[in-house]
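Working notes for the structure below.
Read-outs throughout are calculated quantities, based only on the coordinates presented, and are distinct from any laboratory measurement. What you see is a predicted model, and the numbers here were worked out from it, not measured in a lab. With ideal geometry, Cβ positions are generated from the backbone for all residues, glycine too; neighbour counts draw on all protein chains shown.
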Amino acid sequence: MEACYINGLGCISAQHTADNHQFLEQIVIYDKNILTAINPNYKEYIPPAAARRMAKGVKMGVVASSLALKEAQIDKPDAIISGTGMGCLQDSEKFVSAMIDDDEEFLTPTSFIQSTHNTVGAQIALGLQCKAYNFTYVHAAISFESCLIDAQLKFNENEANQILVGGVDEQGAHTYGLHEKIEHIKNEKVNTFDIKNSSSSGAVFGEGASFFVLSNIKQKNTYAQLTDVEIISQLNPELLNSRIEAFLESNQLSVQDIDAIILGLNGDVDYDHYYAHLQNSIFSNTQQLYYKHLCGEYNTASSFGFCLGAHVIKHQHTPQAVVLNDVDSREYNNVLLYNQYRGLNHSLVLMQSC
């Protein structure tokens, strides 16, 4: 694969992450089971008249992408690749509710038009007047990782030099209510810092948007190099170690070469055993980090983990709020991200210093 560098990023989440210079320096601790993203000053990025017509997910995506492009000093990317699990959920709920309430009569198409999953990518392109390749991946919990693979392929085929890649998902009151009823979301309110010790079913859900400028050109402000991505639909826990070892071996690395592993544990006792297995076996002597207690669980939450990995490598520092064990690393050259959701859609992302 061609070299792939992270030259800029922007993140909107339930934490104060809009300012890259103070990433996770000020931590917000929640006592709830659904986390809401902290709104930046949207007026600084989007005309108020336009912002009023945008769903929150679109606004988060537009701002996060603007931050990433500004940091990378890019006016217009060669491609825009976005990932989302549920798309513009609030507009989808609004349209379906109107169908039911109005007995399928007198429907306005606005909410339906704005509910499509590619709305975020389209609005970013309209704002930039970018007519290049624009694609949206809707692959549940591996939507963001699918974007990374697509970007790598475009670099490999010499089809682009600067690609805007991101993941975004927003809350929907009705949909999240259904998730609570089927216990995908915890029924009780919990302290987010206690999820690593959770003994109940369901996760703490959230929302957010993280965008990155990936390039085959290294810059002075480059965060890290994206080396490899692998996605696996289904994976038995007993095969997890061998699959990770094979992934690392394909990149001329071993488990001992990994300076930190970032785990996507979300407090769901029924599925966090995947992470516990790694914590207590091949990565027991590796520094372990986690992040979903800060941003919540959503289909593209792994993009927040990717943002964390980029900051760790660039600044050679781990915020205390994300540390899981007592192992310390003197330097961060190889960082591995592992995520899964409810036992499916496993992903491995390898990031390296450059």
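Residues whose amide H comes within less than 5 Å of that of Asn339, counting only those at least five positions distant or on another chain, are Ser347 (H built at 1.01 Å from N in the peptide plane). Here the relative contact order of the range 181-275, from alpha carbon pairs under 8 Å that lie six or more residues apart, stands at 43 percent. Averaging Cα coordinates gives a centre for the range 148-174 and one for the range 266-297; these two points are 25 Å apart.
For the range 146-205, the set of trypsin sites (Lys or Arg not before Pro) satisfying both a DSSP loop assignment and a count of at most 15 other C-beta atoms within 10 Å is given as Lys189. Amide H contacts of His139 (H built 1.01 Å from N, in plane; Pro and chain starts excluded): Thr84 sit under 5 Å, all sequence-distant by 5 or more or on other chains. When the listed pairs Lys32/Lys94; Lys32/Lys70; Lys131/Lys292; Lys154/Lys181 are checked against a 32 Å cut-off, the alpha-carbon distance exceeds it for Lys32/Lys70; Lys131/Lys292; Lys154/Lys181.
Applying the criteria of a DSSP loop state and at most 13 other Cβ atoms within 10 Å to the trypsin sites (Lys or Arg not before Pro) of the range 70-146 yields Lys131. Loop-located trypsin sites (Lys or Arg not before Pro) across the range 275-354 with a Cβ neighbour count of 12 or fewer within 10 Å are Arg330, with loop assigned by DSSP.
Can you give the translational diffusion coefficient of the range 163-249 in µm²/s, computed by Stokes-Einstein from the Kirkwood radius over Cα pairs at 37 °C and 0.692 mPa s? Rounded, D is 191 µm²/s.
3J(HN,Hα) along the range 59-71: 4, 4, x, 5, 5, 4, 5, 5, 5, 5, 5, 5, 5 Hz, from the Karplus curve 6.51 cos²θ - 1.76 cosθ + 1.60 with θ = phi - 60°, whole Hz, x for Gly and Pro.
Mean separation of Cα pairs under 8 Å and 6 or more residues apart, divided by the residue count, gives the range 76-189 a relative contact order of 44 percent. Computed from these coordinates, which is semi-axes √(5λ) of the Cα gyration tensor in Å: [x] 49, 25, 17; [y] 35, 22, 19; [z] 30, 25, 18? Recomputing semi-axes √(5λ) of the Cα gyration tensor in Å here gives the entry labelled [z].
Residues of the chain were split at every exposed loop site, defined as GluC sites (Glu not before Pro) in a DSSP loop with at most 14 other C-beta atoms within 10 angstrom, and the longest piece left, sites excluded, is 189-330.
Each helix, a run of at least 4 DSSP H residues, gives -39500 (n - 2.57); summed and divided by the residues of the chain, these come to -9000 deg cm²/dmol at 222 nm. Mean separation of Cα pairs under 8 Å and 6 or more residues apart, divided by the residue count, gives the chain a relative contact order of 24 percent.
For the range 288-305, 3J(HN,Hα) computed residue by residue from phi via the Karplus equation (6.51, -1.76, 1.60; θ = phi - 60°) reads 10, 10, 9, 8, 6, 6, 9, 10, x, 9, 7, 4, 10, 4, 4, 5, 5, x Hz, glycine and proline entered as x.
In order along the range 213-222, the Karplus-derived 3J(HN,Hα) couplings, from 6.51 cos²θ - 1.76 cosθ + 1.60 at θ = phi - 60°, round to 9, 9, 8, 8, 10, 7, 10, 5, 9, 4 Hz, and Gly and Pro are given as x. In terms of surrounding Cβ atoms within a 10 Å radius of their Cβ, Thr192, Thr227 rank from fewest to most as Thr227, Thr192.
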